Amino acid sequence: MAPTVSVVIPNYNGLKYNKACLEAMRRQSLAPDRVIVVDNGSADGSADAVERMFPEVELIRLPENTGFSGAVNVGLKASEGLDYCILLNNDTVAGRHFVEELVRAIERRGDVFSCQAKMLKMDDRSLLDGAGDYYCAFGWAFARGKGRPAAEYKKPADIFSSCAGAAIYDMKKLKETGLFDENHFAYLEDTDIGWRARLLGYRNVFVPRAHVLHVGSATSGSVYNLFKVQNSSRNSIYLIYKNMPGWMVALNAPLLLFGFTVKAAFFTVKGFGGTYVKGIAEGFKLCRKGNEEGRRFDFKRTDFKTLAAIELELLAGCVRRIL
């Protein structure tokens, strides 16, 4: 029996982007079983336009903006019963074999939780927007290969986590990891869920034969802004709380302190220093909330060998980031 797959596309005031994104779904060599657009309380008429122009698309309207995590969780719940779910940003245009290649890749490997497509810059498709995500012991998450020639990234590779802007997830394994943590609202939620999968012994893989063109920062509006800086810094603290056991936090403390200090200095120069520090403070408050809700990973579910392998990867990530 052929595997079944949905494509879930969150939308928030995406009138400018949705048409090209959804037309690309119509051109797929392997048509997804379902295409679901989850509208996050848009006020620009984009949901009505999807309903009018793409009657084959399942449109779920939410009364308010629940963030990326909230929207994709609605789509994932609507996809129950299918084998796989592809999460796709609405500011993308997928290549014709995007769905087919992602399904083929995740079907081939029984220990894989997610596979990410090659993301190319919309304004210059010779350059990468991302070939998977890394995380390092500085407390930084970063896109592999961002800004580098796309031709250099032709081979599949293990990655720390998949960017949920263009990635496929195994629905059965999602029952083990749990869905996206809605406390994140936006930013680092995909690193979090990928890390949880790693703690359970699963892999995340980059698939170069699947590709999308990506605008980037279409919802937040720019590379650096108050919303993005504050949410990213808040979530960076929450991410560590959730996924690092105490001994790992202690071991990495000097590197984490260095990493957060460098980021604070960087954003101060950019004019967002106060926003960054405010986000850090909110991150510690979010940890308390997460503790009350039992959000921290239960490290009894993993073993020391797995934790040690992840620690070595975090240290290697520091070298990658510097170089």
(message) For region 1-22, which positions are touching a residue at least 12 places away in the same chain (Cβ under 8 Å), closer than 19 Å to H97 by Cα and of a type outside the set (S, T, N, Q)?
(response) P3, V5, V7, V8, I9, K19, A20, C21, L22
(message) Condition (residue is in a strand (DSSP E or B), small (G, A, S), under 27 Å from N13 (Cβ atoms) and in contact with a Leu (Cβ under 8 Å, 6 or more places away or on another chain)) applied to region 71-79: is it met by at least one residue?
(response) no
(message) Just the residues that are touching a Leu at 6+ places or on another chain (Cβ under 8 Å) and surrounded by fewer than 16 Cβ atoms within 10 Å (Cβ to Cβ), please, taken from region 246-279.
(response) V249
(request) Take V207 and decide whether it is buried (at least 21 other Cβ atoms within 10 Å of the Cβ), farther than 19 Å from L307 by Cα, within 17 Å of the chain's Cα centre (by Cα) and of a type outside the set (D, E). (result) yes
(request) Please work out if V212 is out of contact with any strand residue (DSSP E or B) (no Cβ under 8 Å at 6 or more places or on another chain), among the aliphatic types (A, V, I, L, M) and under 22 Å from V93 (Cβ atoms). (result) no
(request) Answer yes or no: is there a residue in region 84-104 that is free of Cβ contacts under 8 Å to residues at least 40 places away in the same chain and buried (at least 22 other Cβ atoms within 10 Å of the Cβ). (result) no
(request) Would you be able to tell me the number of residues in region 109-129 that are in a strand (DSSP E or B) and within 25 Å of K242 (Cα to Cα)? (result) 5
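Residues are listed down the side, and each one gets a yes or a no for (1) free of Cβ contacts under 8 Å to residues at least 24 places away in the same chain; (2) closer than 19 Å to R234 by Cα; (3) among the hydrophobic types (A, V, I, L, M, F, W, C):
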{"site": "A141", "(1), (2), (3)": "no, yes, yes"}
{"site": "K155", "(1), (2), (3)": "no, no, no"}
{"site": "S162", "(1), (2), (3)": "no, no, no"}
{"site": "A167", "(1), (2), (3)": "no, no, yes"}
{"site": "L174", "(1), (2), (3)": "no, no, yes"}
{"site": "T177", "(1), (2), (3)": "no, no, no"}
{"site": "F180", "(1), (2), (3)": "no, yes, yes"}
(request) Identify, by number, the condition in (1) without any contact (Cβ under 8 Å) to a residue 24 or more places away in the chain; (2) assigned by TED's automatic domain parsing to the domain that holds D133; (3) among the β-branched types (V, I, T) that T191 doesn't meet. (result) (1)
(request) Could you please find all residues in region 154-180 being surrounded by fewer than 19 Cβ atoms within 10 Å (Cβ to Cβ), touching a strand residue (DSSP E or B) at 6+ places or on another chain (Cβ under 9 Å) and either in a loop (DSSP other than H, G, I, E, B) or among the hydroxyl-bearing types (S, T, Y) (or both)? (result) K154, K155, P156
(request) Kindly indicate whether any position in region 276-289 is of a type outside the set (A, V, I, L, M, F, W, C), at negative phi and outside any helix (DSSP H, G or I). (result) no
(request) Output the residues belonging to region 132-160 that are under 20 Å from I310 (Cβ atoms) and of a type in the set (A, V, I, L, M). (result) A137, A141, A143, A157, I159
(message) Just the residues that are buried (at least 17 other Cβ atoms within 10 Å of the Cβ) and either among the polar types (S, T, N, Q) or in a loop (DSSP other than H, G, I, E, B) (or both), please, taken from region 132-153.
(response) G132, C136, A137, F138, G139, W140, R144, G145, Y153
(message) With the requirement that a residue be part of a loop (DSSP other than H, G, I, E, B) and not hydroxyl-bearing (S, T, Y), what does region 181-212 give you?
(response) D181, F185, A186, L188, L200, G201
(request) Might you let me know whether region 34-42 holds any residue that is in contact with an Asp or Glu (Cβ under 6 Å, 6 or more places away or on another chain) and assigned to a loop (DSSP other than H, G, I, E, B)? (result) yes
(request) Hey, could you check region 105-125 for residues that are of a type in the set (A, V, I, L, M) and under 11 Å from I168 (Cβ atoms) and say which is surrounded by the most Cβ atoms within 10 Å (Cβ to Cβ)? (result) A117
(request) Check E64, E51, E23 and return the single one that is under 21 Å from A186 (Cα atoms), modelled with pLDDT of 95 or more and surrounded by fewer than 17 Cβ atoms within 10 Å (Cβ to Cβ). (result) E64
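The values are calculated or read from the model by the stated rules, or taken from the named source; none is laboratory data. It should be emphasised that the depicted structure is a prediction, and the values quoted were computed from it without experimental measurement. Quick reminder, even Gly has a Cβ in these numbers, built from the backbone with ideal geometry, and neighbours come from all protein chains shown.
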